[in-house]
Amino acid sequence: MAITGKQRSRRIDRRYTDSVDTSILWKRRLGWAGLALGLAYGLWLLNPSAAKQFSAGELSKAHHAWNQTGCEKCHERLSPIKTTSFGSSSAIQSNNDRCNKCHDIPEHYPKRVKPTALAQEACAQCHHEHLGGNHNLLDISDENCVRCHKDLSQLAINSPNPVLNISSFDPNTTGAHPKFKGLMQDTGTIHFSHIQHMRPGQPAEVDARNAKKFTSLSPRFQPQYLARVDNDGLVQLDCGDCHVRSNDQVIYQPIDYQKHCQACHQLDVPHKLDMLDMKSLKEDVFASQSRTLKRLLDAVSINPVTEASPSSKQNDAKAIESMLVEKSKQSASGQDLIKLIETGSPSVRTEVYKTFGCAKCHQLESDPPQGPPSTRIVKPSGIKTQWLSDASFTHSAHENIECNRCHNMELKDKVKTSEPQQPSGGLASQVLIGDIDNCRTCHIVNEKDRFEAREAGNLRVATGDCIDCHRYHHDPSKVNPGYASGLPLAGRLDEGPLGSNQDSVQ
């Protein structure tokens with residue numbers, strides 16, 4: 001029997017439209033919620049603080065004040081910073097100018113690099129921001145340096161002996177850092193023996209009888225060397241008695257005669273005597289002769305002539321005094337120095353140089369081939385304040401390392417050092433600074449090699465990165481180029497496993 005339409009319709013509940021579909025209900029609810037959130041987000045975007053959602057991360061400490069509302073200090077709308085971004089070439093200089101508004105820094109060796117070589121280099125290429133508050137903007141990876149320095153043939157201006165290929169501080173790699181060129185030439189003119197001055201009493205030879213005793217020092221200098229007296233009463237100098245670090249702890253101050261030399265090497269004439277004012281020179285020489293005469297007369301009064309008649313004794317005293325007066329006037333060659341100065345003789349410089357002991361430490365100045373004669377009596381000392389002129393070396397990072405670890409000389413050497421031109425003996429004419437191999441004993445590039453060195457007992461292991469010693473923004477006019485407050489100390493100590501850093505060099 002066939003099924004009627006009425007029977008078929010009974011299979012469907014006619015009240016189905018009154019029932020609620022759960023899935024449709026949730027779709028409706030989520031739709032309204034999304035619409036509400038979208039409206040709320042749109043309203044929030046009108047708030048200036050909403051711009052931080054576009055930030056790539058928190059700024060470093062140097063720029064932390066701009067974390068909330070300072071994006072425009074560095075960024076320009078719709079203008080990229082990365083050099084790899086589309087259309088960035090026109091924005092690089094604009095972005096660099098924004099940095100230069102606050103950072104007044106020199107260009108990278110402008111006299112050595114072709115002008116067009118660094119035209120497309122952006123500050124952000126090396127200084128990466130938005131890496132957190134503890135990120136150091138000056139912690140530059142070697143890759144940033146090597147990408148140019150591995151081949152400078154197309155970038156560097158032609159110069160004598162250019163170094164065109166440096167890829168690493170590791171001596172076992174291609175393009176290893178060369179020896180320090182700053183140690184190749186000494187400009188000093190001082191005759192000085194480090195070995196002699198580091199012996200007890202500073203004698204020219206070991207165990208010499210003329211060693212300096214503490215009691216022989218002038219009372220005004222004795223407090224300065226009271227802590228340097230050994231068991232034999234001799235003055236035992238230390239490196240720090242002459243080499244004093246600057247206030248910024250970076251380099252050492254120049255040697256000063258009044259502070260470091262005068263206690264043992266006293267002069268009868270002013271130090272740095274010159275011929276600029278012949279009247280003053282004459283007065284200084286006369287004062288010196290008067291002091292010499294007084295010493296000679298004092299010596300005679302302590303050791304009087306033998307017994308004789310009063311008239312004979314008086315005649316002898318006059319004769320001795322007359323002889324001493326003439327002796328006090330004589331220069332090293334026997335001439336009357338005052339009269340020689342009055343004549344303006346060209347030999348005045350040589351006579352003063354020989355008479356007052358200048359030759360013990362200094363070299364005689366000579367007149368230039370052309371122009372007026374020099375007013376100096378001795379040549380400038382020419383002692384360098386900083387040897388590694390292209391590096392930002394600082395002694396403060398190495399204060400826990402003994403001086404002789406880097407400044408090599410045998411202090412117990414028995415070589416005679418009284419000869420000014422003696423080729424050995426720790427003389428000032430020798431550069432007593434170890435070359436790059438000395439640095440590589442602690443500064444190691446490879447992390448595995450650093451670990452092995454530390455396990456072998458070298459507790460002073462440090463990194464060997466380019467930025468440890470060099471600065472991109474190098475200013476040759478400064479004594480210590482590119483080194484300023486806030487820059488990392490040269491050679492960051494590799495601490496290794498937690499708790500293994502027993503002897504920090506920082």
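The values are calculated or read from the model by the stated rules, or taken from the named source; none is laboratory data. Bear in mind the structure is a predicted one, so any value in this text is a computation, not a measurement. All Cβ positions, glycine included, derive from the backbone under ideal geometry; neighbour counts span all protein chains shown.
Can you pull out the residues in region 329-343 that are surrounded by 13 or more Cβ atoms within 10 Å (Cβ to Cβ) and among the small types (Gly, Ala, Ser)?
Across region 329-343, the qualifying residues are Ser331, Ala332.
Give the residue, chosen from Gln185, Gln258, that is part of a loop (DSSP other than H, G, I, E, B) and under 25 Å from the mean Cα position of the chain (by Cα).
Of Gln185, Gln258, the one residue that is part of a loop (DSSP other than H, G, I, E, B) and under 25 Å from the mean Cα position of the chain (by Cα) is Gln185.
Would you tally the residues in region 148-182 being part of a loop (DSSP other than H, G, I, E, B) and closer than 30 Å to Asp256 by Cβ?
1
Considering only region 40-60, how many residues are exposed (fewer than 14 other Cβ atoms within 10 Å of the Cβ) and part of a helix (DSSP H, G or I)?
Of the residues in region 40-60, 11 are exposed (fewer than 14 other Cβ atoms within 10 Å of the Cβ) and part of a helix (DSSP H, G or I).
List the number of the failed condition for Asn303; all other conditions in (1) modelled with pLDDT of 85 or more; (2) loosely packed, with under 12 Cβ neighbours inside 10 Å; (3) of a type outside the set (D, E, K, R) hold.
Exception for Asn303: condition (1).
What pairs come up if the first residue lies in region 107-127 and is within 18 Å of Asp142 (Cα to Cα), the second is among the charged types (D, E, K, R), and their beta carbons are under 7 Å apart, counting only those six or more places apart or on different chains?
Short answer, once both residue conditions are applied: Ala124/Lys82.
Being hydrophobic (A, V, I, L, M, F, W, C) and under 30 Å from Gln68 (Cα atoms), is that true of even one residue in region 139-153?
Looking for residues that are hydrophobic (A, V, I, L, M, F, W, C) and under 30 Å from Gln68 (Cα atoms), one finds at least one in region 139-153, hence yes.
What number of residues within region 133-174 satisfy the criterion of being closer than 19 Å to Cys123 by Cα, in contact with a strand residue (DSSP E or B) (Cβ under 8 Å, 6 or more places away or on another chain), at pLDDT 90 or above and of a type in the set (A, V, I, L, M, F, W, C)?
Number of matching residues: 1.
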